[in-house]
């Protein structure tokens, strides 16, 4: 029904359990998405690059351009799976979604839960960095805001999202500026992999500044 003229990019099915007044979400969420327009995942795939999706990435992009996928039920499981895939190797691009920030805390206006999730990710980030190989590029960002302190609403919010980029040998504390579009990340990946992506929007910030 939600295709063609009435197409909706994504319909999210969120199963709940419990009783009236005390319902809670289960981990069995599923996203029904329309096939995306041409994107960076497909550029990578067509160039022979192996891509891996962790979390709900496969659902969001209907599997387009994704060779290997792992579903997860929490941030903790996603981080553990990421380290496992990094250790195993044999891929070119790894795309992970940390769903707890949005699903469990942002939409629930749970400030303390959001803070704990950030602290947990911060503590495990060295594990990810340790598994990175020379020349690897790490990008940490968000697809939208979900401010848990926005108490008048449980919807997505409009603040700017963070963009943190790390590569061994790159400059520390160097500003990448206020980006005009999330599409800049895709263009940057195209440059990083030395691929033509003339049909994709965005402005690349690669190569990264070098320094101490």
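Checked against (1) in a loop (DSSP other than H, G, I, E, B); (2) touching a helix residue (DSSP H, G or I) at 6+ places or on another chain (Cβ under 8 Å); (3) closer than 18 Å to residue 133 by Cα, residue 208 passes all but a single condition, namely (2).
With respect to being within 19 Å of the chain's Cα centre (by Cα), within 29 Å of residue 24 (Cα to Cα) and modelled with pLDDT of 90 or more, residue 190 falls outside the description.
Considering the stretch 1-102, the qualifying helices (runs of 4 or more DSSP H), each wholly inside and each with 1 or more residues that are more than 29 Å from residue 124 (Cβ to Cβ) and under 18 Å from the mean Cα position of the chain (by Cα), run over 40-46. If you check 180, 159 for being part of a loop (DSSP other than H, G, I, E, B) and touching a strand residue (DSSP E or B) at 6+ places or on another chain (Cβ under 7 Å), only one passes: 159. Just one of the listed residues (152, 112) is loosely packed, with under 13 Cβ neighbours inside 10 Å, assigned to a helix (DSSP H, G or I) and more than 19 Å from the chain's Cα centre (by Cα), namely 112.
The values are calculated or read from the model by the stated rules, or taken from the named source; none is laboratory data. Just so it is clear, the model here is predicted, and its values are computed rather than measured. In this analysis, Cβ positions are derived from the backbone assuming ideal geometry, glycine residues included, and neighbour counts consider all displayed protein chains.
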